[in-house]
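All remarks here apply to the structure that follows.
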């Protein structure tokens, strides 16, 4: 078939698809509202799902009108992008993988195809086939657009969570007058350790702390970079007149530090947070006495 | 003398996030093979140092994890490769306290002390590959040998 003719048929079939979509807008939206994708996202009201479905059908009709059924960047999709992103986000929050989401999107095709076949049963089979092909290409493009938006939404979520982690995981706890502690948890990459240092130094100032305990019980790996961050934090605190104690050094970590050849000789270390607190209290001149049942002190 | 039982996994090293994944993967692989807690920690720490070298000095690369056996003992081999500038003076790079960046300079030499077998292949201008192997249940190398 000569090329211009092929282009011509595609042209007429896209326009026919456009008219079909406009004609059957209501029915398509009604059927989609019962498909898992719409049903599970719009749980509150079915009408809302139908409205959302209509918006998607309108977008498809607009794309067909512009003859760009294969183009995910077609202007017609702009209006529904945000809605698709919301739907994608809702599905991924529900724990769906990208593959599952893709097959839910694919499930939108059969109802539309059935309507098209019913609509064009008087038309020549040739025409039906062409319209069906065009429409399936258009649905494929919709799927692509939805997946694209869902994935970029996922990336944005990851970025937000990273920022949240930076904030959340570094509380400074006041253990006693003049003693603060920071329980470190997870990976101490450069960004995290910067936050740790800042919050610790601020706490030293605010609480007039003479001792700061860095507890690394929750740090799975202590390599030379982590050790370097610890030493820098200790040195900075020392400049401000606070002594740092690193606690929570597990046996495996201790052996690894020795083999790695790291010299933590300049840093005060203790095996557990309790030991570190005991040391600090002792240095502050506080006496810990076990109380006997009648309340009197005993040493 | 030992046979590689095939590459178990190939991980990219392109960002800080990948380092986290490298550590977790190596820890899980070592635990599955039956490494004790101390040996797991050592191997993970060595992997962390080497992966960071790959990222910082090599400009990114990859890690190949393979399971190996020799004389009935199983082990884990990690091969870190990059196509960065290479190491011009290997002797110096392995010595403690030498650094081309602003680190402590303990990474390469320290990693060598944390594993049983250690080899570096570096061609200036075309990249570096560091291969380390640790064996389940073998005592650490005596310090003199290092």
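Summary table below
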item: Yes/no for residue A:218 being surrounded by fewer than 23 Cβ atoms within 10 Å (Cβ to Cβ) and under 33 Å from the mean Cα position of the chain (by Cα); result: yes
item: Yes/no for residue A:179 being within 14 Å of another protein chain (Cβ to nearest Cβ), modelled with pLDDT of 90 or more and touching a helix residue (DSSP H, G or I) at 6+ places or on another chain (Cβ under 9 Å); result: no
item: Those helices (runs of 4 or more DSSP H) lying entirely in region B:6-99 with at least 2 residues at pLDDT 90 or above; result: B:16-33, B:37-56
item: Some residue of region A:263-274 being farther than 28 Å from residue B:95 by Cβ and either within 14 Å of another protein chain (Cβ to nearest Cβ) or assigned to a helix (DSSP H, G or I) (or both); result: yes
item: Number of the exception - residue A:209 against (1) within 14 Å of chain B (Cβ to nearest Cβ); (2) crowded, with 22+ Cβ neighbours inside 10 Å; (3) part of a loop (DSSP other than H, G, I, E, B); result: (1)
item: Matching option when the condition is more than 10 Å from chain A (Cβ to nearest Cβ), more than 16 Å from the chain's Cα centre (by Cα) and closer than 25 Å to residue A:189 by Cβ, among B:34, B:59; result: B:59
item: Residue B:114 vs. criteria away from chain A (no Cβ under 14 Å), modelled with pLDDT of 85 or more and under 24 Å from residue B:8 (Cα atoms); result: no
item: Top-ranked residue of region A:219-242 - restricted to ones that are within 13 Å of another protein chain (Cβ to nearest Cβ) and in a loop (DSSP other than H, G, I, E, B), ranked as nearest to residue A:205 (Cα to Cα); result: A:219
item: Helices (runs of 4 or more DSSP H) wholly inside region A:33-117 containing at least 2 residues that are more than 28 Å from the chain's Cα centre (by Cα); result: A:46-65
item: Lone qualifier among A:35, A:70 - being buried (at least 16 other Cβ atoms within 10 Å of the Cβ), closer than 19 Å to residue A:136 by Cα and in contact (Cβ under 8 Å) with a residue 60 or more places away in the chain; result: A:35
item: Where a residue in region A:87-103 is under 13 Å from residue A:142 (Cα atoms) and not assigned by TED's automatic domain parsing to the domain that holds residue A:48 and its partner, wherever it lies, is buried (at least 19 other Cβ atoms within 10 Å of the Cβ) and modelled with pLDDT under 80, with Cβ under 8 Å and at least six apart; result: none
item: Test: residue A:195 is surrounded by fewer than 22 Cβ atoms within 10 Å (Cβ to Cβ), assigned to a helix (DSSP H, G or I), on the phi < 0 side of the Ramachandran plot and not assigned by TED's automatic domain parsing to the domain that holds residue A:58; result: yes
item: Qualifying residues in region B:6-25 (those that are touching a helix residue (DSSP H, G or I) at 6+ places or on another chain (Cβ under 7 Å) and facing another protein chain (nearest Cβ under 10 Å)) - the one surrounded by the most Cβ atoms within 10 Å (Cβ to Cβ); result: B:19
item: Lone unmet requirement of (1) surrounded by 16 or more Cβ atoms within 10 Å (Cβ to Cβ); (2) at pLDDT 85 or above for residue A:126; result: (1)
item: Hits in region A:205-224 (condition: out of contact with any helix residue (DSSP H, G or I) (no Cβ under 6 Å at 6 or more places or on another chain) and touching a residue at least 12 places away in the same chain (Cβ under 8 Å)); result: A:205, A:207, A:208, A:209, A:210, A:214, A:216, A:217, A:218, A:219, A:220
item: Any hit, region A:163-171, residues being more than 14 Å from every other protein chain (Cβ to nearest Cβ) and touching a strand residue (DSSP E or B) at 6+ places or on another chain (Cβ under 8 Å); result: yes
item: Matching residues in region A:248-262 - criterion: being part of a loop (DSSP other than H, G, I, E, B) and facing chain B (nearest Cβ under 9 Å); result: A:250, A:261, A:262
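Quick grid of which residues meet (1) closer than 25 Å to residue A:175 by Cα; (2) modelled with pLDDT under 90; (3) assigned by TED's automatic domain parsing to the domain that holds residue A:188:
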position: A:225; (1), (2), (3): no, yes, yes
position: A:228; (1), (2), (3): no, yes, yes
position: A:248; (1), (2), (3): yes, no, yes
position: A:260; (1), (2), (3): no, yes, yes
position: A:275; (1), (2), (3): yes, no, yes
position: A:278; (1), (2), (3): yes, no, yes
position: A:282; (1), (2), (3): yes, no, yes
position: A:286; (1), (2), (3): yes, yes, yes
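The values are calculated or read from the model by the stated rules, or taken from the named source; none is laboratory data. Model, not experiment: these values are computed from the prediction. Every residue, glycine among them, receives a Cβ derived from its backbone with ideal geometry; neighbour counts consider all protein chains shown.
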